[in-house]
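K.L.:
Sharing a structure here in structure tokens format.
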Amino acid sequence: MNAHEQVKEILSKVRKAKRNILLEPEAKTVLSSYGCTVTKEKVAVSAGEAVAFAGELGFPVVAKIVSPEIIHKTDAKCVKVNLNNPEKVKGAYQELMANARAYDPKARIEGVLLYHMISGGEEVIIGLATDATFGKVIMFGLGGIWVEVMKDVSFRVVPLSREDARDMVEEIKGYPLLTGIRGKSAKDIDALCDLLVKVSKLAQANEEIAEMDLNPVFVMDKGAIIVDARIILEE
């Protein structure tokens, strides 16, 4: 099965479930099908499984509830970070399940997603929206305060060329943070540009994808990793 067929199969499954928002593991599988690097992760359905998976993935880990009804996990207290030993993972699993049930007693809970906690990179955000005039539009910016306060972002219409991607990255005010300043190492801008082009190809090949929110993406000294992903289909 090629990338396009794999993605179509996942999107069809989501539609059959009468959903238009992909679960995070589904979104990351879609992205990885197009060559995007995502966190290595597993979904646990018991506290024992969570502890075993955390050991395989390597501490510290992040844990999140997987539920089609719980989209804003932070608001629901359904995310735990920096879990650095088996006891904390076990406790987090139990707490996340309790918080999810308290937040929405009718929510379908498919388990707890675990992945190794990424550090040492520069956080960026990549978004996709559907504009009534221009069609699919990709947004790029640095994470955190640069997006929330400075509104330091760039936009391009799909499809993106490699040159378009490079221009997007270089035109934001925070670009020097990626090139290495004040003793920090330069980040892998080539990998970041590759990722932008892959996201563009995914959007172009799958018209029913209305929105994407990849936040954060960690740009490392080598490579760029999608840590959190949300994909929304057209209603």
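K.L.:
Quick test of your reading of the structure: A165 fulfils all but one of (1) at pLDDT below 95; (2) part of a helix (DSSP H, G or I). Name the failing condition by number.
P.N.:
Result: A165 fails condition (1) only.
K.L.:
Report yes if some residue within region 223-233 is touching a Pro at 6+ places or on another chain (Cβ under 7 Å) and not aliphatic (A, V, I, L, M); otherwise report no.
P.N.:
yes
K.L.:
On the given criteria, is D213 buried (at least 20 other Cβ atoms within 10 Å of the Cβ) and either among the hydrophobic types (A, V, I, L, M, F, W, C) or within 19 Å of the chain's Cα centre (by Cα) (or both)?
P.N.:
In short, no.
To keep it simple, each residue is scored yes or no on (1) modelled with pLDDT of 95 or more; (2) under 22 Å from I109 (Cα atoms); (3) touching a strand residue (DSSP E or B) at 6+ places or on another chain (Cβ under 8 Å).
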residue: N2; (1), (2), (3): no, no, no
residue: Q6; (1), (2), (3): no, no, no
residue: L11; (1), (2), (3): yes, yes, yes
residue: L31; (1), (2), (3): yes, no, yes
residue: G35; (1), (2), (3): yes, no, no
residue: V43; (1), (2), (3): yes, yes, yes
residue: G55; (1), (2), (3): yes, no, no
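K.L.:
May I pose another question? Within region 73-120, restricting attention to residues that are among the β-branched types (V, I, T) and in contact with a Pro (Cβ under 9 Å, 6 or more places away or on another chain), which residue is nearest to M220 (Cα to Cα)?
P.N.:
By that ranking, first place goes to I118.
K.L.:
Taking the residues in region 1-49 that are part of a helix (DSSP H, G or I), among the basic types (K, R) and free of Cβ contacts under 8 Å to residues at least 24 places away in the same chain as candidates, determine which candidate is farthest from D228 (Cα to Cα).
P.N.:
Residue satisfying both the conditions and the ranking: K16.
K.L.:
Pairs needed: first member in region 215-235, more than 30 Å from A17 (Cα to Cα); second member anywhere, of a type in the set (F, W, Y) and part of a strand (DSSP E or B); C-beta distance under 8 Å; at least 6 residues apart or different chains.
P.N.:
A224/F218
K.L.:
Report yes if V81 is β-branched (V, I, T) and surrounded by 15 or more Cβ atoms within 10 Å (Cβ to Cβ), otherwise no.
P.N.:
Against the criterion (β-branched (V, I, T) and surrounded by 15 or more Cβ atoms within 10 Å (Cβ to Cβ)), V81 does not qualify.
The values are calculated or read from the model by the stated rules, or taken from the named source; none is laboratory data. Quantities reported herein were computed from a predicted structural model and do not represent experimental measurements. No Cβ is skipped: glycine too gets one built from the backbone with ideal geometry, and neighbour counts run over all protein chains shown.
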